[in-house]
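Working notes for the structure below.
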Amino acid sequence: MERKIALRLSLALFLLLSATGCASVRLSEYGNTTPKFTMRDFFSGPVYGVGIRQDNDQMVTQRFVVHMIGRWNGGTGTLAERIIYVDNTPPRERKWSFVQLNDHSVEVTARGTAGDIVGTPNAEMAGFATHLAYDAKVPAGQGTQVVHFDQWMYMIRSDVVMSRTRMSRHGFHDGDLIVLYQKLAPTPENFKAVQ
């Protein structure tokens, strides 16, 4: 019953986010909300995600599954990410590195076949929300192209996070990524399932 309610709430949030478009919200507006989202707590252990990519007309152009394993040692962490596409696109991998700067900020770097982050952006957190804006070199034809990602993550409950990322190339909107992440219990079976 509880899972059905969580799914319904997640769907409602998805529809709300889809309808809001380019609304300009400041992260600080979420400061007093709960549950408190910290990357160190959520992205620790096995995480499973499902998502879509939409073009500018909101047509779904890709569907994918995300497997993640996060490990933290004090204020530093790593997150191994594998993206498995439903179509014939080859899987992509990325290894994220995190340095906890304070209770509200995490320094982020990432490398891998899913795209290398340019520079060292910070993920900023307030209440149930986290915001991360970064540029990444992503595969394009025989080379790479820099794409800007403006990602907002919202904790629905302690084990569920909804993410919406607005992508742009050369300053023009180039679609959106919507992903629902589920933090799994740290059992041997779950670690094996997301490797």
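The values are calculated or read from the model by the stated rules, or taken from the named source; none is laboratory data. The model shown is predicted, which means the values in this text are computed figures rather than measured ones. Positions of Cβ are backbone-derived with ideal geometry, glycine not excepted, and every protein chain shown enters the neighbour counts.
For every residue, the table says whether it meets (1) surrounded by 14 or more Cβ atoms within 10 Å (Cβ to Cβ); (2) out of contact with any strand residue (DSSP E or B) (no Cβ under 8 Å at 6 or more places or on another chain); (3) farther than 21 Å from M59 by Cβ.
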{"residue": "Y85", "(1), (2), (3)": "yes, no, no"}
{"residue": "A126", "(1), (2), (3)": "yes, yes, yes"}
{"residue": "H131", "(1), (2), (3)": "yes, no, yes"}
{"residue": "Q142", "(1), (2), (3)": "no, yes, yes"}
{"residue": "R157", "(1), (2), (3)": "yes, yes, yes"}
{"residue": "S163", "(1), (2), (3)": "yes, no, no"}
{"residue": "D176", "(1), (2), (3)": "yes, no, no"}
{"residue": "K183", "(1), (2), (3)": "yes, no, yes"}
{"residue": "P186", "(1), (2), (3)": "no, no, yes"}
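For (1) closer than 21 Å to R71 by Cβ; (2) touching a Ser or Thr at 6+ places or on another chain (Cβ under 6 Å); (3) without any contact (Cβ under 8 Å) to a residue 40 or more places away in the chain, each residue gets a yes or a no:
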| position | (1), (2), (3) |
| --- | --- |
| S105 | yes, no, yes |
| V108 | yes, no, yes |
| F128 | no, yes, no |
| L132 | yes, no, yes |
| G141 | no, no, yes |
| H173 | no, no, no |
| V179 | yes, yes, no |
| E189 | yes, no, yes |
When the residues of the stretch 60-109 are narrowed to those that are of a type in the set (A, V, I, L, M) and under 25 Å from G127 (Cβ atoms), which ends up farthest from the chain's Cα centre (by Cα)? L101
Which numbered condition D116 misses (of (1) farther than 25 Å from H173 by Cβ; (2) touching a Ser or Thr at 6+ places or on another chain (Cβ under 9 Å); (3) modelled with pLDDT under 90): (1)
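From the list A193, A136, exactly one residue is over 17 Å from the mean Cα position of the chain (by Cα) and of a type outside the set (K, R). Which is it? Show your work before the answer.
Details: A136 fails: over 17 Å from the mean Cα position of the chain (by Cα).
Within the list A193, A136, the selection yields A193.
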Go through the residues of the stretch 20-42 one by one and say whether even a single one is modelled with pLDDT of 90 or more and either part of a strand (DSSP E or B) or in contact with a Cys (Cβ under 9 Å, 6 or more places away or on another chain) (or both). no
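Looking at R63, R71 in this structure, which one is of a type outside the set (S, T, Y), modelled with pLDDT of 90 or more, surrounded by fewer than 17 Cβ atoms within 10 Å (Cβ to Cβ) and touching a Ser or Thr at 6+ places or on another chain (Cβ under 8 Å)?
On the way: R63 fails: touching a Ser or Thr at 6+ places or on another chain (Cβ under 8 Å).
Within the list R63, R71, the selection yields R71.
Please verify whether the stretch 121-140 includes one or more residues that are at positive phi and modelled with pLDDT under 90. Show your work before the answer.
Going through the stretch 121-140, the residues at positive phi turn out to be 127.
With modelled with pLDDT under 90 added as a condition, the list becomes none.
Checked against the condition, which is being at positive phi and modelled with pLDDT under 90, the stretch 121-140 yields no hits at all.
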The lone condition I156 fails out of (1) β-branched (V, I, T); (2) touching a residue at least 40 places away in the same chain (Cβ under 8 Å); (3) in contact with a Lys or Arg (Cβ under 8 Å, 6 or more places away or on another chain) is (3)
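Being surrounded by fewer than 16 Cβ atoms within 10 Å (Cβ to Cβ), among the polar types (S, T, N, Q) and modelled with pLDDT of 90 or more: is that true of S168 here? Lay out the reasoning, then the answer.
Working: surrounded by fewer than 16 Cβ atoms within 10 Å (Cβ to Cβ): yes; among the polar types (S, T, N, Q): yes; modelled with pLDDT of 90 or more: yes.
In short, yes.
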